[in-house]
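Structure, as structure tokens:
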């Protein structure tokens with residue numbers, strides 16, 4: 001089906017191709033990506049835009065001896081397809097299949113693992129310095145997007161690399177997008193470079209004079225050189241001030257220009273940066289027209305571009321968050337929203353549309369997002385800072401030092417808590433409860449459904465100190481009515497008994513409480529008795545009244561949580577029982593002491609028993625003893 005791609009099993013194969021064959025290969029890679037991602041969803045838009053870059057890098061560099069370090073990995077699909085994983089790509093992000101991100105254990109061509117943003121420059125610098133110390137002649141390249149360049153870690157890497165003298169090439173893939181449209185000073189700076197008025201004035205004048213024809217092709221090389229010189233003088237000052245030799249910008253979707261430029265730069269030494277302009281979604285019209293949606297579009301018809309989605313009665317938690325935030329902002333003029341480049345994913349785009357002056361997208365800068373929120377709170381505002389759970393790990397010090405220590409009323413909403421599905425180990429929200437539970441006076445709330453999320457957001461607004469942390473899962477809620485229900489404040493540290501019973505007390509956090517009720521009711525239908533089920537609602541402060549009741553009225557206690565068993569509700573309950581001298585059988589279901597690999601959320605929860613079937617089975621083990 002694919003005349004070139006079907007015969008490419010490693011980068012060595014593409015080094016035998018002509019320029020015309022490389023162009024065909026790029027078209028076929030895009031077609032293959034669309035074919036595979038239509039039925040097996042993934043991060044499509046960024047990878048479509050980076051095809052020529054990746055083909056060019058493997059064509060010019062002697063990989064895997066030379067090393068390419070990817071940032072995040074959203075751009076890396078062509079890399080996977082070209083490095084012996086063409087057929088395996090059909091299993092991308094599925095159970096037993098390859099990871100959606102670069103992974104060192106998966107291939108010698110994956111020089112460094114990536115899942116979170118802005119790591120490539122620091123990692124590539126480490127590899128370059130290690131090569132120098134070993135006396136190796138290998139070349140090191142970091143491929144980073146302009147969105148990831150806004151992250152603080154990228155600047156730290158630049159600052160160190162520029163003065164290191166290391167033999168390192170940074171390829172800055174500038175496509176004007178991360179997931180949502182990029183914002184901030186670095187984006188504006190790069191935009192000025194690629195729209196340099198002097199260069200564009202000259203180009204228009206020349207092109208108008210010569211018109212269509214072969215002479216225009218002959219002059220393209222001259223104008224590329226003119227562009228490079230002009231822009232380097234007017235736009236590359238930031239990078240050169242940091243110690244880099246700056247080259248570009250070049251057209252990153254032109255395979256001839258990419259390969260010629262990389263070949264010239266390969267044998268230069270020292271820290272260099274190549275600025276490349278690409279189009280996110282390149283080669284697939286729907287993705288070019290709507291790059292935000294097509295960053296990760298889900299299943300779709302490859303011929304029409306019509307997305308194939310499941311119909312849900314339930315609202316997604318992110319949509320509930322977004323609508324409630326707008327409602328709270330209308331009630332209280334102090335409410336503001338902050339997100340690190342996740343406006344659409346978190347649901348905060350609703351506030352951006354309704355009240356743009358009270359919405360702040362700070363770019364991929366989780367640490368800054370939290371301290372900025374702390375500053376807003378210190379200034380009298382009531383910030384709701386929404387960060388994906390796994391990304392919040394980057395802001396741990398800021399949560400402690402800038403929010404908690406100063407008792408500032410910041411509401412931290414941790415979306416994608418617990419298992420998240422196909423993105424795999426780098427993105428699971430496993431550790432937030434265990435990480436933040438030791439922070440003095442922090443509140444950690446876990447809603448069991450949409451209405452609980454609404455009321456906990458209201459309760460967080462009314463709290464006078466912080467951090468007030470609300471963590472909730474990726475995906476749809478429980479289908480409960482919430483939109484027309486009045487706000488109700490939920491006192492911190494107060495849980496709720498959902499079902500009375502005997503012998504066993506089930507203590508649950510989040511949507512696991514609903515699973516527990518259904519499993520317990522099934523047990524009652526079949527056996528006549530059932531365990532009691534409590535929605536703890538808060539991990540911190542914990543409802544000690546419920547814990548004491550569970551320890552004194554029941555023979556066994558079972559905890560349920562979509563988070564790490566070590567350090568979460570199970571640990572909190574065990575500590576209470578031990579310190580209180582209670583001798584009671586205690587068991588727990590939660591994320592075990594391992595990294596959870598890519599699969600569906602349902603399969604991940606089933607693997608450690610956090611579903612109705614697993615809870616029912618555990619009830620049987622504990623009720624019959």
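Between 0 and 90 degrees, the angle of helix 366-378 with respect to the longest Cα principal axis of the chain falls at about 60 degrees. In degrees between 0 and 90, to the nearest 10, how far off the longest principal axis of the chain does helix 120-134 point, with axes built from Cα atoms? Value to nearest ten degrees: 70. All Cα-Cα separations within region 317-473 were binned at 10 Å from zero, giving a P(r) of 12, 47, 36, 5, 0, each value a whole percent of the pairs. Applying 0.36 nm per residue to the separation of residue 463 and residue 105 and subtracting their alpha-carbon distance, the gain on full extension is 124.3 nm. Put in line by how crowded their Cβ is, counting other Cβ atoms within 10 Å and starting with the fewest, 482, 294 read 482, 294.
Scaling the Cα radius of gyration of region 529-619 by the globular reference 2.2 N^0.38 Å produces a ratio of 1.12. In region 245-310, the convex hull through the Cα atoms has an average projected area of 6.1 nm², a quarter of its surface area. Once the Cα atoms of helix 185-194 and of the chain are each reduced to a long axis, what angle between those two axes, in degrees from 0 to 90 to the nearest 10, is obtained? Taking Cα atoms only, the helix is inclined about 20 degrees.
Quote the Stokes-Einstein diffusion coefficient, in whole µm² s⁻¹, for the chain, based on the Kirkwood radius over alpha carbon pairs, a temperature of 37 °C and a viscosity of 0.692 mPa s.
On the way: Rh = 26.3 Å.
Rounded, D is 125 µm²/s.
Of all DSSP beta bridges confined to region 496-623, the antiparallel ones make up roughly 15%.
Counting other C-beta atoms within 10 Å, which of 484, 427 has the fewest, and how do the rest follow?
By the 10 Å Cβ count, ascending, the order reads 484, 427.
Take the Cα of residue 263, go 7 Å toward its beta carbon, and the backbone nitrogen atoms of region 44-58 under 14 Å from that spot belong to 56-58.
Consider all pairwise Cα distances in region 6-131 and report the whole-number % of them above 25 Å.
Details: 1489 of 7875 pairs.
Every Cα pair in region 6-131 considered, those over 25 Å come to 19 percent.
If r is the Cβ-Cβ distance from residue 606 to residue 566 and R0 is 25 Å, what FRET efficiency results, to the nearest 0.05? It comes to 0.75. Neighbour counts of other Cβ atoms within 10 Å put 544, 119, 94, 426 in the fewest-to-most order 544, 94, 426, 119. A P(r) calculated from all alpha carbon pairs of region 451-526, with 10 Å bins opening at zero, reads 14, 42, 32, 11, 1 percent. Summed over all non-identical Cα pairs, the Kirkwood treatment of region 393-465 gives a radius of 13.5 Å.
Taking only the Cα atoms of region 483-593, how large is their convex hull per residue, in Å³?
Working: hull volume 12.9 nm³, N = 111.
So the per-residue Cα hull volume is 116 Å³.
Each reported figure results from applying straightforward, stated rules to the coordinates on display, with no laboratory input. All of these numbers come straight from a predicted model, not from anything done at the bench. Every residue, glycine among them, receives a Cβ derived from its backbone with ideal geometry; neighbour counts consider all protein chains shown.
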